[in-house]
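Heads up: the structure comes next, in C-alpha cells.
Each value in this text was obtained by applying a stated rule to the coordinates, not by laboratory testing. What you are looking at is a predicted structure, and each value in this text was computed from that prediction instead of being measured. As a convention, Cβ positions derive from the backbone with ideal geometry for all residues, glycine included, and neighbour counts pool all protein chains shown.
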C-alpha cells in the first residue's frame, strides 16, 4: 500500500514547471548529431580533485581569518566571504560529477536549485574579487586616505553583493529545465523557450554576463593597473613579490573565467542567428562550453593559493595556529617570523595577502 511521504518533492516540482514529465525543448532543440565527447570519467576525476582542493584550501582560509579577529582588515572580510562562496560552490560539484558520469537523476527541483546556487556563488565570487582589487587600490595607491573611512562599510557591501548575486541569478529558475534526449537521457539544461520568448531571454542572459563578469573585470583591470604602476614607482623591498601576486591574480582570473564567458556570449549570438549555425560549429561550441566550464570551476580551488598561501602573513598565521595546537614548536614560528618581512605600503594590510 502506497503511503504519502512528507518529504516527497512532487508538489514543489509543480511550482517549477508546467509539465510534470520531462520534455523536449521546442525551439532550442538542435537536429545535429551529438559528437563523441571526452571520456566522461575524466570530468568526474577533475571535479573530484577540484572539490577536495576547494574544501581543504578554503576551510584553511576561513580558519586563519577567523582566528585573527583582532587583526582582521577589510580585505580579510572580503576574503572570508570569497572562501565561503567557493565552499558553497563546492557543494554543487558532486551533482555535476554524477551528471557527467551518467545523466541527471536528481529531478527538476534540484536542477534549478543546484544551478542557482552555482550562479549565486559565481557572481558573488567575481564581485568579491573586484572589491578586493578596489581595496588594494585604495590601500596602496591612496595610502594616505586609507581605509579607516570605509572599514565599517565592508560588512554592508558584502551583504549587498550576496543580494545582488541572488537577484542576477534568479532567471535560472525559468531557464533551467530537465528533459529527455534520445542520446544522453535526462539532462539539466537551458530551455530558452519558443520564438515569442527566446529573444528577451537571450538579452537577459547576455546582460547577466555583462553585469556579473565583464564590468567587474574592467574594475579589476583598472585597479590592479594603477596598483602595479604605483608599485613600480615605489622603493620597497616587497615590490616584486607584490607585483607577482597581483599579476597571478589577474592572469588566473582571466585564464579560468574569460574563455567560458566568451563562449557563452558566442552561444547566445548563435541562438539569436547573429552567427550562422552549422552542425559542426554547434558541436564544437558544445565541447568548448564543457571544457571552459572546467577551467571556471577550477578557479574556486585556485583562490586559496593566490590570496592566502602565497602571502607570508597567511603562512605565519597558520603556523601560529599549529603551534597553539601543539603540532609544531613555537621556535619554528618565531624563526619564520624573523626571516619574513611584511608589506609596508599601507597600514591596512591583510592577514592573508
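Remarks
- Shape call, the range 50-134: gyration tensor on alpha carbons, a/c limit 1.5: prolate
- Residue-span extension gain [residue 322 to residue 170] - 0.36 nm each, minus C-alpha spacing: 50.5 nm
- Annotation for the range 116-144 versus the range 242-305: alpha-carbon center distance of 20 Å.
- Ordering 99, 123 by the number of other Cβ atoms within 10 Å of each residue's own Cβ, fewest first, gives 99, 123.
- FRET efficiency, 1/(1 + (r/R0)^6) with R0 25 Å, evaluated for residue 48 and residue 203 via beta carbons: 0.10
- Eigen-decomposition of the gyration tensor built on the alpha-carbon atoms of the range 38-339 gives equivalent ellipsoid semi-axes of 38, 23, 17 angstrom, largest listed first.
- By the count of neighbouring beta-carbon atoms within 10 Å, fewest first, 114, 167 end up ordered 167, 114.
- The range 38-339: relative contact order in percent, alpha carbon pairs under 8 Å with at least 6 residues between: 22
- The residues 299, 152, when put in order of fewest to most other Cβ atoms within 10 Å, stand as 152, 299.
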